[in-house]
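Colleague: Below is one structure. I have some questions about it.
No lab work stands behind these numbers, since they all come straight from the coordinates. This is a predicted model, so every value here is computed, not measured. With ideal geometry, Cβ positions are generated from the backbone for all residues, glycine too; neighbour counts draw on all protein chains shown.
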Amino acid sequence: MDPATDYRERLTARESDVKTLDATLSRFGSARLTLAVIIVVAAWFSLGRHSFQALWLLLGVAAFAVLVIAHQSARRARARAERAADFYRKGLARIEDRWQGSGQRGERYDDPHHVYGSDLDLFGKGGLFELLCTVRTRMGEERLAQWLKAPAPLSEIRERHACVHDLKDRTDLREDLAVLGEHSNVGIHPAALLQWAETPNRLVARWMVWVGVLLPVVAILGTVYWSVTGVGTPLFITLVVEAVVLSVLRKNVDEVLNGSETAFEDLRLFAALLLRVERETFAAPALRKLLERLSSHARKPSQTIASLSTIVSFAGSRRNQAITLFAIPAMYPLNVALVAERWRRRHGRVVRHWAETIGELEALLSLAAYTHEHPADPFPEFIDGPAGFAAEDLAHPLIPAARVVRNNVNITGRTRILLVSGSNMSGKSTLLRTVGINTVLAMAGAPVRARSLRLTELQIGASIRINDSLHEGSSRFYAEITRLRQLFDAVGGSRPLLFLLDELLQGTNSWDRRSGAEGIVRAFAARGAIGLISTHDLALTDISGLPEGALVNVHFQDELQNGRMLFDFKLHDGVVTRSNAMELMRSIGLEV
């Protein structure tokens, strides 16, 4: 079954569940109201007319309590069904190219100085991150953003391929993770959680443990002595000592207990995610290793968090009036805090492993969902040898399939640079972005939007969306040459550079522009880089000083029909032979 049909059938089933549960909730509401009226009337007959003993009212109260609990359970089930339906609505929107503006945009991860992030629309509305991201935790967001902003080593890419193949058809797993928790929004903020988990213990003095154990024992003995002899002085002295000790330690004890309660609020969703993941059996070795990293002292993470849940329950109980009566004699706050510190000492360091593992698994699930929803997109083939990029029917993944135009792009063998000429709006910048964003997908371990793509490991560097900055006091030309310097620094890295330069050095005069552009292109080529350069300036289509065949001219065409500019967005060999600037100005009524 194709993904769209599968999603529609699942969506229909979940929407049916929502309707059924809505009817159930309505019946529960009516039943609660009816039972409440019956209890009130029965109370009047029992208490006012003494028709029967008041103890029988307890049966009605108990039934009402059971009804309230069942009603709450149905509400939670309805919320989960609605979130499941929304999960498939969003999946269909991605498949049908209606997803822009409905997902997580990742704008916090956008860095204007990154060597390709802003140029290739990785973040923001309609960006690649929004298309890919299906995570529930901030750790998953951070890991996915890292993968898009930095190419992975080839060994890791191949591991991700195996993981994605294992995960791509696990729709039930992705749905289950999407509906967990009280809300559908992204939860768990790792910075605060890790700060709590890795903060050094505050109650480390050995005397605190002895005091926590011995003083309650002495208090019990004092109570027994008082009951036997009638002398309460030993008990009174013990209580005073306990009160003084708790007063001295109060600040540290409260910080431990309050911190544990706050952390556990984040860990609730964590625990639900971990419990669901534990039930899955994976085939990919890398996924099995991920699960192994979740264990702490040979215990499953769900068991470890369950023990913290018990501690948090005890910590919350200290506010109970019944417990308050025995708080001082039993040294209750101190002993609960000591147990909480013991948990953090034993398991606190593994919380970081949990965060990293869940983040990585969620990022893999995002790539798996994209793979499942776009079955026609293949994984790239990585090749050895000099830097190369060869794509057939390459398309931009952020452009709807109904409008996208595919092109072949070949930068292999003697060809090192494609110089793309063409008129305004003909598709030059889009071609550069198409090559770049598919390389981002390839180097992140995801499928690509092409019929096939063969490439070597590449480091991307782009100068496409470069503007002046009033805040930083820099002109467009200065911003561009600063970016070019970043690209030069990247050339000597561990992998060859794929450079994408749009309208190179357009912020200066034509003579400086040509000589500067020629020097930059020769320098990149000499260092083994490959890339694409777009230009309006036909003088740049004949750059000297390059090996024969290193630079290949390609172009986009346009034509004017009935006063309208028409573009086919198809890449052609050679240099463009015409410009459309005058026609474009006239087409909008600007007479020149």
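Colleague: Counting other C-beta atoms within 10 Å, which of 358, 417, 220 has the fewest, and how do the rest follow?
Modeller: Details: 358 27, 417 22, 220 14.
Neighbour counts put them in this order, fewest first: 220, 417, 358.
Colleague: Treat the count of other C-beta atoms within 10 Å as a stand-in for reagent exposure and order 168, 90 from fewest to most.
Modeller: Numbers: 168 21, 90 18.
Starting with the residue having the fewest Cβ neighbours, the order is 90, 168.
Colleague: Compute, for segment 30-84, the length of the dipole vector about the Cα centre, with Cβ point charges of +1 (Lys, Arg) and -1 (Asp, Glu) only. Units Debye, rounded to 20.
Modeller: Values: 7 positive and 1 negative charges, 64 e Å.
Once rounded to the nearest 20, the dipole reads 300 debye.
Colleague: What whole number of Å gives the distance from the Cα centroid of segment 82-131 to the Cα centroid of segment 1-58?
Modeller: About 40 Å separates the Cα centre of segment 1-58 from the one of segment 82-131.
Colleague: Right, here's the next one. On a 30 Å Cα-Cα criterion, which of the cross-link pairs 149/300; 251/300; 168/300 come out too long? Numbers along the way, then the final one.
Modeller: Numbers: 149/300 33 Å; 251/300 33 Å; 168/300 25 Å.
Beyond 30 Å: 149/300; 251/300.
Colleague: Sticking with this structure for a sec: Can you give the FRET efficiency to the nearest 0.05 for residue 113 and residue 523, using r as the Cβ-Cβ distance and R₀ = 25 Å?
Modeller: On the way: r = 22 Å, r/R0 = 0.86.
Efficiency computed from Cβ-Cβ geometry: 0.70.
Colleague: What ranking of 17, 172 emerges when the number of other C-beta atoms within 10 Å of each C-beta is taken as an exposure proxy, fewest first? Don't skip to the answer; put the middle values down first.
Modeller: Details: 17 17, 172 10.
Ordered from fewest to most neighbouring Cβ atoms within 10 Å, 17, 172 come out as 172, 17.
Colleague: Continuing with the same structure: Using the Karplus curve 6.51 cos²θ - 1.76 cosθ + 1.60 with θ = phi - 60°, what ³J(HN,Hα) values do you get for each residue of segment 407-417, in whole Hz, with x for Gly and Pro?
Modeller: 9, 8, 10, 9, 10, 9, x, 6, 6, 10, 9
Colleague: List every residue whose amide H lies under 5 Å from the amide H of residue 553, counting only residues 5 or more places away in sequence or on a different chain, with H placed 1.01 Å from N in the peptide plane.
Modeller: Result for residue 553 returns 419, 574.
Colleague: Give the aspartates and glutamates whose C-alpha is closer than 13 Å to that of residue 125, dropping any in the same chain fewer than 8 places away, or say none.
Modeller: Correct list for residue 125: 107, 110.
Colleague: Based on the Cβ-Cβ distance of residue 452 and residue 70, what FRET efficiency does E = 1/(1 + (r/R0)^6) give at R0 = 51 Å, to the nearest 0.05? Could you put the intermediate results ahead of the total?
Modeller: Values: r = 56 Å, r/R0 = 1.10.
So, using R0 = 51 Å, E works out to roughly 0.35.
Colleague: Search the structure for amide H atoms under 5 Å from the amide H of residue 452, placed 1.01 Å from N in the peptide plane, and list their residues when 5 or more places away or on another chain.
Modeller: Result for residue 452 returns 392.
Colleague: For residue 137, enumerate residues with amide H under 5 Å from its amide H, sequence gap 5+ or separate chain, H modeled in the peptide plane.
Modeller: Under 5 Å from the amide H of residue 137 lie the amide H atoms of 187, each far enough along the sequence or on another chain.
Colleague: Also, quick follow-up: Around residue 385, what is the net charge, scoring Lys/Arg as +1 and Asp/Glu as -1 over all other residues with Cβ under 14 Å from its Cβ?
Modeller: Working: positive: 414, 416, 454, 495; negative: 381, 384, 457.
My count for the surroundings of residue 385 gives +1.
Colleague: Remind me, what semi-axes does segment 1-99 give for its equivalent ellipsoid, largest first in whole Å, using sqrt of 5 times each Cα gyration tensor eigenvalue? Before the final figure, lay out each step's value.
Modeller: On the way: eigenvalues 436, 17, 14 Å².
Those come to 47, 9, 8 Å.
Colleague: Let me ask something additional. Report ³J(HN,Hα) in whole Hz for each residue of segment 31-41, in order, from the Karplus equation J = 6.51 cos²θ - 1.76 cosθ + 1.60 where θ = phi - 60°; Gly and Pro get x.
Modeller: Rounded to whole hertz, the list is 5, 5, 5, 4, 5, 4, 5, 4, 5, 5, 5.
Colleague: Let me ask you something else. Straight-line reach from residue 570: which lysines have Cα under 17 Å away, leaving out those fewer than 8 places along the same chain?
Modeller: Within the straight-line limit of under 17 Å, residue 570 reaches these lysines: 428.
Colleague: Cα centroid distance between segment 430-469 and segment 364-409, in Å?
Modeller: Going from one Cα centre to the other spans 10 Å.
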